[in-house]
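Colleague: Handing you a structure now.
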Amino acid sequence: MADNYLEKRYEATLGSQKPKIKRIGHTMDELLRRTRSCRGYNKDYVVKRSELERIVGACTKIGSAKNQQVLRYRLVTKGPEADLVNANIKLGGMLPELHLPYAGTEPEAFIVVCSTVAANSYTYVDLGIALQTIMLKITEMGLNGIVIGAFNKNEITRGLNLTLEPLMLVAVGKGIEKFELTTINPDDSRAYYRKDGIHYVPKLGTNDLIIND
Ligand SMILES: Cc1cc2nc3c(=O)[nH]c(=O)nc-3n(C[C@H](O)[C@H](O)[C@H](O)COP(=O)(O)O)c2cc1C
């Protein structure tokens, strides 16, 4: 069947008027625009375990190499475990002078993504899919998050009594930061920066992502 078969059938029966797709909630672009890495949180909002469960629930529907589903998720809510995680992560490494997060704005809920197998390249692809899914779900729920790769693996493993290898963390909370995406040229710096209370995130444009043929 030709790629545009359905389109042609619609046109034949309905004229050029295509059926309207009713969008519920965020569009993909909107969701992606709002899904920014957040390094400051409102501690008055305490993330519940049930919210973390909902977020991980999104990972029951994602792709996985050979459908092996080797990733597991350890949930951490406000309390001594969250304090331990905070003592063993590094946020905002590109803005060292700011010492992020500012005192009193630390995240207090985390999802620790672990693997049931010794991590290989497939595990890391699964991991990327899971992390982006988690981040999108967090945004959809009106919360904010950040993927954290800079963490002390030994201390997190010991402190949370993990029997599986932790690969990456995600902090979750109600963010207090303002973000803006900017479009940059390939030669420009990729470093995120802050100005007048806004966290700017430079991104390459579509034409710079596509390889010239
Ligand atoms: C795999 C991965 C690991 C990351 N680790 C950290 C980290 O340890 N600390 C941190 O502050 N940000 C971390 N980030 C967030 C990136 O700095 C962030 O994605 C980047 O600055 C672009 O900002 P954006 O997520 O708002 O687009 C990580 C992101 C990814 C995808």
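Colleague: Restricting attention to segment 31-50, report how many residues are crowded, with 19+ Cβ neighbours inside 10 Å and not in a loop (DSSP other than H, G, I, E, B). Quick ask: steps written out before the conclusion?
Modeller: From segment 31-50, those crowded, with 19+ Cβ neighbours inside 10 Å are 35-41, 47; that's our starting set.
Right, trim to not in a loop (DSSP other than H, G, I, E, B) and you get 37, 41.
Number satisfying all stated conditions: 2.
Colleague: Determine which single condition residue 179 fails, assuming it passes every other condition in (1) over 21 Å from the mean Cα position of the chain (by Cα); (2) over 30 Å from residue 80 (Cβ atoms).
Modeller: (1)
Colleague: Let me ask something else about it. State which residue is surrounded by the fewest Cβ atoms within 10 Å (Cβ to Cβ) when the search covers only segment 146-169 and only residues that are over 23 Å from residue 69 (Cα atoms) and within 12 Å of the ligand (Cβ to nearest atom). Steps first, answer last, please.
Modeller: Here is the first cut: in segment 146-169, the residues over 23 Å from residue 69 (Cα atoms) are 150-152, 154-155, 158-159.
Those still in the list that are within 12 Å of the ligand (Cβ to nearest atom) too: 150-152.
Numbers: 150: 11, 151: 17, 152: 15.
Across segment 146-169, the extreme among qualifying residues is 150.
Colleague: With segment 79-162 as the region, which helices (runs of 4 or more DSSP H) entirely inside it contain at least 1 residues that are outside the structural domain of residue 199 (by TED's automatic domain parsing) and more than 26 Å from residue 48 (Cβ to Cβ)?
Modeller: On the way: elements: 80-86, 121-140, 153-159.
Per the criteria, 121-140, 153-159.
Colleague: Can you report the number of residues in segment 200-213 which are surrounded by fewer than 11 Cβ atoms within 10 Å (Cβ to Cβ) and either β-branched (Val, Ile, Thr) or not in a loop (DSSP other than H, G, I, E, B) (or both)?
Modeller: Here is the first cut: in segment 200-213, the ones surrounded by fewer than 11 Cβ atoms within 10 Å (Cβ to Cβ) are 206-207, 209-213.
Right, trim to either β-branched (Val, Ile, Thr) or not in a loop (DSSP other than H, G, I, E, B) (or both) and you get 206-207, 209-211.
Looking only at that region, the number is 5.
Colleague: Report yes if some residue within segment 99-109 is at pLDDT 95 or above, at positive phi and of a type outside the set (Phe, Trp, Tyr); otherwise report no. Steps first, answer last, please.
Modeller: Residues of segment 99-109 at pLDDT 95 or above: 99-109.
Then drop every residue that is not at positive phi, which leaves 99, 104.
With of a type outside the set (Phe, Trp, Tyr) added as a condition, the list becomes 99, 104.
Yes.
Colleague: Would you please name the residue that is surrounded by the most Cβ atoms within 10 Å (Cβ to Cβ), looking only at residues in segment 170-199 that are within 12 Å of the ligand (Cβ to nearest atom) and closer than 19 Å to residue 51 by Cβ?
Modeller: Going through the qualifying residues, I end up with 171.
The values are calculated or read from the model by the stated rules, or taken from the named source; none is laboratory data. Everything numeric here is computed off the predicted structure, so don't read it as measured data. Heads up, the Cβs are rebuilt from the backbone with ideal geometry, glycines too, and the neighbour counts pull from every protein chain shown.
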